[in-house]
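The structure appears below as structure tokens.
The values are calculated or read from the model by the stated rules, or taken from the named source; none is laboratory data. Just so it is clear, the model here is predicted, and its values are computed rather than measured. Here the Cβ is made from the backbone with ideal geometry for all residues, glycine too, and neighbour counts use every protein chain on show.
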Amino acid sequence: MTTPFIQFQNVSHTYDKTAINGPFAVEEINLDVKEGGFVSIVGPSGCGKSTFMKLTTGLEKPTRGSIMIDNRAVTGPLSISGMAFQAPTLLPWRTTLENVLLPLEIVEPFRSEFRAKKDEFIFRAKSLIESVGLKGYEDKLPYQLSGGMQQRASICRALIHQPKMLLLDEPFGALDAFTREELWNILRDLWTAQKFNVILVTHDLREAVYLADIVYVMSKRPGKIVHRREIDLPRPRDLETTYTEAFTSIVHELRAHIGRVREE
């Protein structure tokens, strides 16, 4: 068997550094993600999904257990990851192009190469911007973009340094349904073309099932993995898939697990 790209082994975490026995935000997390895999994490509010993301990026070190990513133990912040959140957090004084380029200006080894490779980096950024449908908006400031357009720029910024892993924390939660579905397909196409690993935290079960290979359901705090569901719907998927009986059946199954978690 090939070594998983992401591997959590008996991971528990508390924010109280003086209490190694809890209370835990997440507890006994065991999870494997294959190279190029796309997984979604769902669960009730406060179940530890954000803690899970911090552990995956190395922003927090587990109180117990171990985390391996790309065959290396996670001991600190990872440079191989990109992140996008529910709020795009674009810098208001920078244009779309400048916001997308920002990681290359401040993160090594790109920072040291930025002046010498600036034309190459600008070409890369413009190509990425075009791929998400923002061609012609390179010189616009964030206030001149819609919410969906800002989120596209945010995803470009997360991918500009060509990370091996993309972490998405409710990235489409604040958008209207039509824009959200449009961005599902943009993310689907980017992932299909580049095959970076994706961990998507979401409350939207349709979103999780549409995009992911595997959906993990977390319990109430302390967050534990209580269900693992492989999504065996064929790829490539389009929005018509979401109206099929097979798709709806998986969503209902996951909703039932969430319901049981809420009742516990």
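Answer with yes or no whether Lys220 is of a type in the set (Lys, Arg) and closer than 17 Å to Met83 by Cα.
No: the conditions fail for Lys220.
Within the stretch 67-82, identify whether any single residue is under 22 Å from His227 (Cβ atoms) and β-branched (Val, Ile, Thr), and answer yes or no. If you could, list the steps in order and put the result at the bottom.
Taking the stretch 67-82 first, the residues under 22 Å from His227 (Cβ atoms) are 67.
Those still in the list that are β-branched (Val, Ile, Thr) too: 67.
Yes, the stretch 67-82 contains at least one residue that is under 22 Å from His227 (Cβ atoms) and β-branched (Val, Ile, Thr).
Which pairs turn up if I take residues in the stretch 1-27 that are polar (S, T, N, Q) and look for partners that are surrounded by 12 or more Cβ atoms within 10 Å (Cβ to Cβ) and not in a strand (DSSP E or B) with beta carbon separation below 6 Å, at least 6 apart in sequence or on another chain?
Listed pairs, sorted by first residue: Ser12/Phe24; Ser12/Thr63; Thr14/Gly22; Thr14/Phe24; Thr14/Thr63.
Looking at (1) under 23 Å from Val198 (Cα atoms); (2) at pLDDT 95 or above; (3) out of contact with any strand residue (DSSP E or B) (no Cβ under 6 Å at 6 or more places or on another chain), which one does Val215 not meet, given that it meets all the others?
Val215 satisfies all of (1) under 23 Å from Val198 (Cα atoms); (2) at pLDDT 95 or above; (3) out of contact with any strand residue (DSSP E or B) (no Cβ under 6 Å at 6 or more places or on another chain) except (3).
Tell me, which residue of the stretch 47-89 that is hydroxyl-bearing (Ser, Thr, Tyr) and part of a helix (DSSP H, G or I) is surrounded by the fewest Cβ atoms within 10 Å (Cβ to Cβ)?
Ser50
Could you look through the stretch 90-101, keep only residues that are among the aliphatic types (A, V, I, L, M) and surrounded by 16 or more Cβ atoms within 10 Å (Cβ to Cβ), and pick out the one that is farthest from the chain's Cα centre (by Cα)?
Leu97
Taking the criterion of being in a loop (DSSP other than H, G, I, E, B), under 29 Å from Lys195 (Cα atoms) and not acidic (Asp, Glu), would at least one residue in the stretch 20-35 satisfy it?
Yes, the conditions are met somewhere in the stretch 20-35.
Would you pick out the residues in the stretch 217-241 that are in contact with a helix residue (DSSP H, G or I) (Cβ under 9 Å, 6 or more places away or on another chain) and in contact (Cβ under 8 Å) with a residue 60 or more places away in the chain?
Of everything in the stretch 217-241, those that are in contact with a helix residue (DSSP H, G or I) (Cβ under 9 Å, 6 or more places away or on another chain) and in contact (Cβ under 8 Å) with a residue 60 or more places away in the chain turn out to be Val217, Met218, Ser219, Lys220, Gly223.
Within the bounds of the stretch 216-232, is there any residue that is within 16 Å of the chain's Cα centre (by Cα), more than 12 Å from Gly43 (Cα to Cα) and of a type outside the set (D, E, K, R)?
Within the stretch 216-232, none of the residues are within 16 Å of the chain's Cα centre (by Cα), more than 12 Å from Gly43 (Cα to Cα) and of a type outside the set (D, E, K, R).
Could you check, for the stretch 111-122, whether at least one of its residues is farther than 23 Å from Ser50 by Cβ and either buried (at least 18 other Cβ atoms within 10 Å of the Cβ) or in contact with a strand residue (DSSP E or B) (Cβ under 7 Å, 6 or more places away or on another chain) (or both)?
Yes, the stretch 111-122 has at least one match.
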